[in-house]
Every structure is written in C-alpha cells, then in structure tokens.
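Take a look at the structure set out below.
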Amino acid sequence: MRHKPVLRTVVLVAVATILSLSISTFATAATSQVTIKWMEWWVNEWGPNNFNALMAGFAKDNPNIKVDVVDTPYPEMPTKLNAAAAAGENYDVFGTEGAWLIGLKKLGYVENLDPWLAKDKPFAQTLLPTTLRKINGDTLSFCLYLIPYQFAYNVDFFQQAHLSPPTSWDQFVSVEKAMHTSSSRYGMSLTFGDGGFVATRYFGFRLAQEGGQFMDASGHITLNSAAGVRAVNWWKSFYDMGLAVPGSMGEDQTRMLEYLASGQVDSIIDGPFIWSKAKQIDPNIKIAYAPPWHARTGGYLWSCSGVAMSSKSPNKDAAWTFLKYLYSQPASIMMTKAVSLPWADKFSMDSLSSSTDPMLKYAGQMANQDPKANITLPILPATGGLFDSFKSDWQDMMSGKETAQQGLDKIAAGWQQAIDQSK
C-alpha cells in the first residue's frame with residue numbers, strides 16, 4: 001500500500017528521471033564494478049536527503065556495486081514496469097505494489113526469492129512473516145515498510161476530557177460513549193464509503209483479532225469464515241449503537257480527515273501517517289496511538305509497499321546484496337526514524353520499544369504480541385473494482401440487507417473468481 005505523507009505535496013517530476021548517482025557518493029570507480037538499476041518512486045516521498053543517506057550507506061559498504069536509481073512518478077510505475085517486462089528492458093530491483101506483481105509474474109519478470117532466502121537463512125531470520133508477499137506459495141516481493149491500523153486519538157482532547165486511551169475493544173466502546181455527549185457531538189466517524197478503507201481499518205483489523213485470514217496458504221479466499229462473520233457482526237453491533245457521525249455510508253477519507261483535524265471528532269482507526277495528514281490542516285494537532293489490543297488473538301492487519309528483483313537481471317548476486325542492505329540494521333533503523341514508518345524487519349520493530357514517537361512506539365508490540373495471528377491483504381488483481389464490491393456488500397451488511405455470512409460469501413466468491421481468472 002502506498003504511503004502518502006506530507007512530503008507527497010512536493011510536485012513530482014513528470015518524466016521518470018535516471019538519477020545518475022555521484023560516483024564519489026554512491027560508488028567507487030573500479031574496473032570490476034557492477035551496475036544495477038533500481039526503479040522506484042520514493043525519492044521525493046522520503047525526502048531527497050533521506051534517500052541519499054540510504055544510498056550513501058550502500059555505496060560505502062559495497063564499492064564494487066553501483067546503483068543507478070530510476071526515480072519514477074508513482075502513477076507511471078505499473079505501466080513502465082509492464083513495458084519493461086514486455087520489451088526485455090532490465091530493472092534489477094524495483095518498487096512494487098502487490099497487485100502489480102500479478103501481471104509481471106505472467107510476463108516472467110519477477111524473481112522467486114525463496115531460493116535466495118533458503119541460501120541465506122541468517123538474513124531470512126531477520127525478516128517478519130508479514131514481510132514476505134507471495135503468489136501461489138512463491139515469495140515474489142518483500143514489504144519495505146509495514147503499516148499497522150490502530151485506534152488513534154487527539155491527545156489534547158483526551159487530556160482535557162480526562163479520558164484514557166482504550167486498551168481493548170470493550171474500552172473502545174466505552175470511550176466512544178463518553179465522547180458522544182450530545183446529538184451533535186461524536187467521538188469518531190466511520191468511513192464506509194471507501195471499500196479499501198473498510199477492508200483494512202475495520203474488517204481486516206477485527207478479522208485478525210478474531211483469528212481469521214483473508215486467504216489460506218493454498219491461495220483460497222477465507223474471509224467468509226466464522227472469524228470473518230464475527231468481525232462483521234462486531235462492527236454492525238457498534239454501528240447500530242449510533243456512536244459515529246451520521247452519514248457513514250457516504251463518507252470518504254477526505255471528509256474523515258476534515259472531521260478529525262477540525263476537532264469535530266477526536267478518534268479514528270487508521271495508519272500511523274494520519275498524524276502527518278492531520279497536521280496539514282491543523283499544524284498543532286497531536287495524535288497518538290492507543291496501546292495494542294487483544295480479542296481472541298493479538299493479531300493485526302499490516303499493509304505495505306515493497307521491493308522485488310527481476311528474473312531477467314544479469315547481476316542477481318549484486319541485486320540480492322542491495323536487497324539485503326535495505327533490510328540491514330543500520331538502514332532499517334535509519335529509515336524507520338526518517339520516514340516515521342516501521343521498516344519490515346525485526347531490527348526496526350525491536351528498536352521501537354524505546355521510541356518516543358506517539359504513532360510508532362507501540363508498533364513493535366503490535367507486531368510481536370501474537371505474530372502468528374498477524375495478517376496482510378492478499379495480492380489481488382484489479383483491487384479498485386474488488387474494493388468497490390466490498391464496499392457495496394459491507395454497506396448492505398451494516399444496514400441489515402444482508403447477513404454477515406451472505407455478504408462475505410459474495411465478497412469471497414468475487415475475489416476468488418478474480419484471482420482464478422488472473423492465473
């Protein structure tokens with residue numbers, strides 16, 4: 001999942017630009033030097049200084065590998081990657097969303113990373129289970145950073161109202177009741193008009209804590225399990241309490257953010273980037289995560305964007321060395337601090353135990369309190385259309401037009417059909 005922080009407001013270059021990285025900074029000239037190409041969209045997203053520091057670290061440790069960075073506007077990435085795969089143009093390493101991997105796999109452009117992990121078990125052990133993104137059992141990509149979804153709250157409001165952040169789902173309900181002080185005052189809004197938001201922040205979060213999965217190890221959609229039904233029924237029960245701002249069915253992320261940043265509501269379930277977004281509207285707002293919750297499990301849903309290696313690379317050993325560097329302890333800890341997102345490895349999660357960042361300090365606990373119950377969204381084709389259908393059925397389930405089982409069966413059938421047709 002693409003992260004959208006404040007730095008995204010920087011106008012991106014319209015045409016993909018190969019950043020000819022300074023030899024003195026990013027590589028040492030040598031007759032045996034190998035050059036690899038990395039296509040990505042993160043230079044402006046992370047900030048040029050942060051990106052350059054990351055690359056300088058690699059150059060210092062690997063003088064015989066030069067990295068040519070191809071910085072590409074995010075909307076152009078899937079088109080350019082598919083064109084490269086069709087034309088035989090090589091990008092040894094590339095940034096990718098899960099959905100992009102489906103077409104690239106068909107074109108034979110994505111390297112299976114499992115054999116590399118098998119040969120490098122010490123490195124493999126530094127990654128998290130949620131780091132690996134698989135299609136049909138093959139690891140085709142690593143999440144680069146991981147985005148958890150958790151209850152976040154307005155720190156100043158909670159202090160003034162003498163409220164403590166909830167530490168469980170039951171306390172969450174109690175806090176929302178305490179904030180609903182009049183017919184026009186609510187603690188939170190519900191963004192039921194955005195299928196992707198619903199699938200991750202509401203359904204997926206509770207699904208993980210009910211012990212469910214979106215997909216099993218064999219590639220079959222399982223969100224319509226008993227755990228999925230419990231997750232939907234929990235949210236319907238909450239929705240029926242009338243504790244959220246009226247108009248949930250039509251609410252999108254823009255309106256949700258306006259409610260939060262303007263102080264019309266003071267809590268939300270979202271990713272750690274919500275604070276950065278809210279500060280664009282109110283620079284003085286303070287947002288923090290509540291401590292981790294636990295229902296039947298302590299699992300969380302994690303989203304990400306990631307990196308992959310080309311099966312066509314003529315320099316796979318060098319590409320693998322670069323991939324490993326991105327998850328090395330120095331790079332991981334540096335980038336976690338720089339971009340305010342947990343890097344997708346144990347180094348990052350362990351380092352956050354001493355963090356004072358109000359949106360990150362609990363991320364390590366979320367990852368480690370019940371790791372076998374952590375889940376990710378499956379890699380889906382045409383996610384926009386699938387999330388639109390998810391939204392429609394979710395609204396029908398919340399309004400009582402469909403039972404939880406009926407709605408989830410429809411969603412599961414649609415997702416499974418899309419996956420089967422994409423093979």
So, in segment 349-362, exactly how many residues are surrounded by 19 or more Cβ atoms within 10 Å (Cβ to Cβ) and touching a residue at least 40 places away in the same chain (Cβ under 8 Å)?
4
Considering only strands (runs of 3 or more DSSP E) wholly within segment 116-229, the ones with at least 1 residues that are touching a Cys at 6+ places or on another chain (Cβ under 8 Å) are 132-135, 138-143
Matching entry among Asp282, Asp240, Asp194 (being at pLDDT 95 or above, in contact with an Asp or Glu (Cβ under 9 Å, 6 or more places away or on another chain), open to solvent by 10 Å² or more (accessible area, probe 1.4 Å) and not polar (S, T, N, Q)):
Asp194
Under 6 Å between Cβ atoms, at least 6 apart or on separate chains: pull out the pairs that start in segment 65-82 with a residue that is under 19 Å from Met55 (Cβ atoms) and charged (D, E, K, R) and end on any residue that is crowded, with 17+ Cβ neighbours inside 10 Å and modelled with pLDDT of 95 or more.
Asp68/Lys37; Asp71/Val43
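Name the residue, out of Ala99, Ala30, that is modelled with pLDDT under 95 and either within 23 Å of the chain's Cα centre (by Cα) or not in a loop (DSSP other than H, G, I, E, B) (or both).
Of Ala99, Ala30, the one residue that is modelled with pLDDT under 95 and either within 23 Å of the chain's Cα centre (by Cα) or not in a loop (DSSP other than H, G, I, E, B) (or both) is Ala99.
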All positions within segment 250-263 that are part of a loop (DSSP other than H, G, I, E, B), out of contact with any Gly (no Cβ under 8 Å at 6 or more places or on another chain) and in contact (Cβ under 8 Å) with a residue 24 or more places away in the chain
Gly263
Is segment 315-330 home to any residue that is of a type outside the set (D, E, K, R), surrounded by 17 or more Cβ atoms within 10 Å (Cβ to Cβ) and either free of Cβ contacts under 8 Å to residues at least 12 places away in the same chain or under 22 Å from Pro371 (Cα atoms) (or both)?
yes
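The values are calculated or read from the model by the stated rules, or taken from the named source; none is laboratory data. Keep in mind the model is a prediction, meaning the values are calculated, not measured. Please note: Cβ atoms are built from the backbone with ideal geometry, for glycine as well, and neighbour counts cover all protein chains shown. The protein model used for the area step is the full one, side chains on, heavy atoms only, and it has no ligands, DNA or RNA in it. Shrake-Rupley method; radii C 1.70, N 1.55, O 1.52, S 1.80 Å.
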